[in-house]
Structure formats: structure tokens, C-alpha cells
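Asks: Sharing a structure, written as C-alpha cells. Questions coming.
Please treat every number below as a calculation from the coordinates, not as lab data. As the structure is a prediction and not an experimental result, all values here were calculated from the model. All Cβ positions, even for glycine, are placed from backbone atoms using ideal geometry, and neighbour counts span all protein chains on display.
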Amino acid sequence: MKVFQLNSIVVRKILKCGVLLLLFILPFNSFAAKNNLVDTADTSKNKTLIGIASFYSNKFNGRKTASGQLFSQKKMTAACNKLPLGTKVKVVNLQNNESVELIINDRLHHKNRRLIDVSLVAAKKLGFYQKGTTKVKVIVLQTAQN
């Protein structure tokens, strides 16, 4: 009888660990689906991502980007954690269908859930400067390797 009790205790602990593991993994899966997290290895031409865009704060103007270039609010550049540096993308504002072509030359903070951060001039051309953020479609036009 003691063996049976030991086995049932072990089984309960295993089940408890399994449930805890599922509770830990499921929120990340729904977060990934909701925020369009993708595998950055697949960045083939015409790949499309959908997510939230914002624009850079003025405090970053003149600072070095992840690519080593100096950031300028007047250039058509963007920060994105999902695509390689040097990738050329077309960003389409899904609210008004305005679009711009940008070069990815920087990274977002690792805790930032947004898909892309664009320069001030790009935000104005996309028509969301006053609003601050908008839902966008990002289409890969040319990867850095091409």
C-alpha cells in the first residue's frame, strides 16, 4: 500500500508541474499571437507583419542607433526587433492607407511590445503624428542580405 501512496504522490506532483507549466506557457502563446511576434530568421521579400507603430521621441535625435548611424527625425528610418538591420520595408497605416518606405537601422527596447518605431517625418507622412500610435502593416521589400 505504501508503494501505491508514493506513486500517487509522485503522479500528483507531476500533474501539478504540468499544470503550472501550461499556465506559464499559455500567456506567452496568446501574447505572441496578439502582438504578432515572428521568427526573425524568415524575412523573405514580401513578408508581412501587422502590429502597432509609434514614433521616436525627440530625445533620441543625434544619438547612435544599433546600426551605428546617427538617428535623425528627418530621415526615413525605423526601429524594429523582428527584422534584420538594413532591411527595407513598406509601412502602411491601416487607419488611412498612407504608406512610406523605411530602412530598419535601430532596435526597440526589449520590453517594448510595439512592432515598429518610425522617425517623426515618417509618422507625419503616415498621418499618426498627433495620435502617437497606429495599427500598421509592415511589408519586407528587401532584406539586408539581398
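Asks: Could you list the trypsin sites (Lys or Arg not before Pro) in the range 97-146 that lie in coil according to DSSP, counting only those with at most 14 other Cβ atoms within 10 Å of their Cβ? Can you show the working numbers first?
Replies: On the way: sites: 107, 111, 113, 114, 124, 125, 131, 135, 137; in loops: 107, 111, 113, 114, 131.
Answer by residue number: 111, 113, 131.
Asks: For residue 142 and residue 74 in one chain, what is 0.36 nm times their gap in residues minus the Cα-Cα distance, to one decimal in nm? Don't skip to the end; give the middle numbers.
Replies: Values: separation 68, 0.36 × 68 = 24.48 nm, distance 2.18 nm.
Full extension of this stretch gives 22.3 nm more.
Asks: Using the structure shown, list the pairs from 59/82; 59/135; 47/90 with a Cα-Cα distance above 21 Å, or answer none. Can you show the working numbers first?
Replies: On the way: 59/82 23 Å; 59/135 24 Å; 47/90 11 Å.
Violating the 21 Å Cα-Cα cut-off are 59/82; 59/135.
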